[in-house]
Amino acid sequence: MDKFLIQGGTPLIGTMPISGSKNAALPLMAAALLADGPVTINNVPVLHDIFTFNKVIAETGTQVTYAREEQKLTIDPTGMNSYEAPYDLVRKMRASFYMTGALLGAAGYAKVSLPGGCAWGPRPVNLHLEGFRALGAEIEMDGGYVIAKAPNGRLPGGTFTMSPSSVGATVNLVLAAVRAKGRSVIRNAAMEPDVVNLCENLNALGARISGSGTPVLTIDGTDHIRAGAMQNTPDRIETGTFMIAAAMLPGSDLTLTNTQEHDLGTFVNTFRKLQTGLEITDTTIRVRSTDRIPPVSIETAIYPGFPTDLQAQWATMMALADGKSTVTDHIYPDRFSYVPELVRLGGNIERKDNTVIIRGRSVLKGASVMSTDLRASVSLVMAGLAAQGETEVLRVYHLDRGYETLEDKLNAVGARIRRISE
Ligand code: UD1
C-alpha cells in the first residue's frame, strides 16, 4: 500500500488545472449504456473509481475504450449481452449501483449486487428501490443481489417523491426513466450539478428531461438515445479542496484553471467570509492567502448549500483559524473519521454527534496518520502541508480513487510530497 511523506510549511504558488469530475463522470458512463451506439465522454479523469466502473460496464459485454492521454472514454453498448453487476466489483465502489437504473432502462432487466457498508456510516439504497418500483419495476432480493425487471421489457414510468433528496437515487431514476414508455416525475429530486450535467448530456442525445436544476424532474420516455458525444464537467469538489488548501497555507497564491465557479453553489459565498484574495473568471479561480484565517462555522446541505464532500477540508482549515468554529454535517452525520487523526497532528477539535467543535490557533506538527475515506484523506494531506516537520499519510489508495495525480499537482505548485510504494 502506498503512503505519502509530506514536508510541511510550503505555500502553494502557481497555476493548477482542475480535472474532470469523478462524481459527474460516473452517471454519464452509466447513461452511455442507454444509447443506440458508441458514446464518447470527454474530460474523464484518470482515477481508480473510473477504472472500477469501466470494469463493471465491461462485464455486460459493452466495449469500453479509454484514450488516457486525451481523457476520452468511449462506451459502445451495441454488443451488450449480460445484465449483471457482481458483488466483487460493486463492493469496491457504491456508484456501481447506477448499473441498476442503466440496465433497467437499456434492457428492462438488471441483477446488481447491493453495495454493502461504507466507512462513514449507513448509506441506504431504499430510495433507489422505492423509486424503481414507482416507475413500474418489479424488485426482488436474492442472495445479496437486487433483481429489477420491467414488465414486458420496458418501464411504464411513474411518479416518485424522494425524502431526503438523494443524488444517487435521482441519477438512478433518471437512467431508468429516459427510455420508459411513458412520463415519469421525480419530486424533491437532487439539484446537484452532477445531475444537471447528466440531464443536459442525455437531452443532447435525444432524451426528453425537463426541470433539471429544480426539485421536480419530468421525464418523457423516448425510444432512442443516439450515439454521440458527452461532455463531463470540472470537478467542483477538487476545486473547493484546493481553494481551501490555498487559503490555509500562508503565502499561497494559487490559480485554478478549467473550472467553473457556478457548480460550487453557495460555497463561494462562505469562502468569501475568509477575506482571502479571491478573483473569479468564467473558467479560473485565484486564491491568495492572508495572514489571518477568521473562524467561519458551516453546516452541510444539499446543493446549492455547503457540500458534505468539503466539510472535512473546511474543519482542517478551521484548526488554524483565529478562534472557535463548528462544522456540522446534516447529510452524513458520521463522516468524521478525520477528527482523531487531526487531533494526532495537534488540532484542538472535538466531535459531538454530527458537529465538530474546532478551537483554532493550533500549531500542527507532523505525525503518522491514516484515514478510511477519500475526503478525510485529502484533509490529512492538507494538514500535513500546514504542519511543521514531516507527516506520513498512510493508505493513500483512497486518494487515488478520487483525486487525479494529487501529489504531482500539489508538487507542481510548491508542495513537497513523496509517494512511497510499499
Ligand atoms: C453522492 C456522492 C458523494 C456525496 C453525496 C452527497 C457520488 C458517487 N457520490 O453520494 O460524494 O457525498 O452524493 O452529496 O456522486 N439516502 C437515503 N436513502 C437512499 C439514498 C440516500 O436515505 O436510498 C440518504 C443518505 O443516507 C444521505 C442523503 O440521502 O443522508 C444523501 O445521499 P445521496 O445524495 O444519495 O449520496 P450519494 O449519491 O450516495
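Couple of notes before you dig in:
- Verdict on K72 being touching a Phe, Trp or Tyr at 6+ places or on another chain (Cβ under 9 Å), modelled with pLDDT of 95 or more, among the charged types (D, E, K, R) and farther than 30 Å from K181 by Cβ: yes
- Selected residue (criterion: farthest from S379 (Cα to Cα)) from residues of the range 308-328 that are buried (at least 23 other Cβ atoms within 10 Å of the Cβ) and within 16 Å of the ligand (Cβ to nearest atom): V327
- Index of the failed condition, T281 passing every other in (1) in contact (Cβ under 8 Å) with a residue 12 or more places away in the chain; (2) within 25 Å of V44 (Cα to Cα): (1)
- Meets criteria (touching a helix residue (DSSP H, G or I) at 6+ places or on another chain (Cβ under 8 Å) and acidic (D, E)) for E341: yes
- Evaluating K111 against the criteria (1) within 22 Å of T405 (Cβ to Cβ); (2) in the same structural domain as Y145 (by TED's automatic domain parsing) leaves one unmet condition, (1).
- Per the listing L114, L155, the residue uniquely away from the ligand (no atom under 16 Å from the Cβ) and of a type outside the set (D, E) is L155.
- Scanning the range 356-377 for residues that are in contact with a Ser or Thr (Cβ under 7 Å, 6 or more places away or on another chain), in contact (Cβ under 8 Å) with a residue 40 or more places away in the chain and under 12 Å from E341 (Cβ atoms) gives T372, D373, A376.
- Qualifying residue in the range 278-294 (condition: touching a Phe, Trp or Tyr at 6+ places or on another chain (Cβ under 6 Å) and aliphatic (A, V, I, L, M)): no
- Any chance R419 is without any contact (Cβ under 8 Å) to a residue 60 or more places away in the chain and surrounded by fewer than 17 Cβ atoms within 10 Å (Cβ to Cβ): no
- Residues in the range 366-393 that are over 21 Å from F242 (Cα atoms) and assigned to a strand (DSSP E or B): 1 in all.
- Residue match in the range 135-144 (condition: surrounded by fewer than 20 Cβ atoms within 10 Å (Cβ to Cβ), small (G, A, S) and in contact with an Asp or Glu (Cβ under 8 Å, 6 or more places away or on another chain)): no
- The residues listed here are V174, V196, V216; of these, the one that is at pLDDT 95 or above and closer than 16 Å to H128 by Cα is V174.
- Single residue of R292, R208, R288 found to be over 23 Å from A189 (Cβ atoms), surrounded by fewer than 23 Cβ atoms within 10 Å (Cβ to Cβ) and without any contact (Cβ under 8 Å) to a residue 40 or more places away in the chain: R292
- Only one of the listed residues (P11, P38) is over 18 Å from T52 (Cα atoms), modelled with pLDDT of 95 or more and not assigned by TED's automatic domain parsing to the domain that holds R179. That residue is P11.
- Restricting the range 162-187 to residues that are within 11 Å of the ligand (Cβ to nearest atom) and more than 15 Å from A24 (Cα to Cα) leaves a set whose member that is surrounded by the fewest Cβ atoms within 10 Å (Cβ to Cβ) is S163.
- Any hit, the range 91-111, residues being part of a helix (DSSP H, G or I), within 14 Å of the ligand (Cβ to nearest atom) and either free of Cβ contacts under 8 Å to residues at least 60 places away in the same chain or out of contact with any helix residue (DSSP H, G or I) (no Cβ under 7 Å at 6 or more places or on another chain) (or both): yes
- Per the listing L33, L28, the residue uniquely touching a Pro at 6+ places or on another chain (Cβ under 6 Å) and either part of a strand (DSSP E or B) or in contact (Cβ under 8 Å) with a residue 40 or more places away in the chain (or both) is L33.
The values are calculated or read from the model by the stated rules, or taken from the named source; none is laboratory data. It should be emphasised that the depicted structure is a prediction, and the values quoted were computed from it without experimental measurement. Cβ sites come from the backbone with ideal geometry, for glycine too, and all protein chains shown count toward neighbours.
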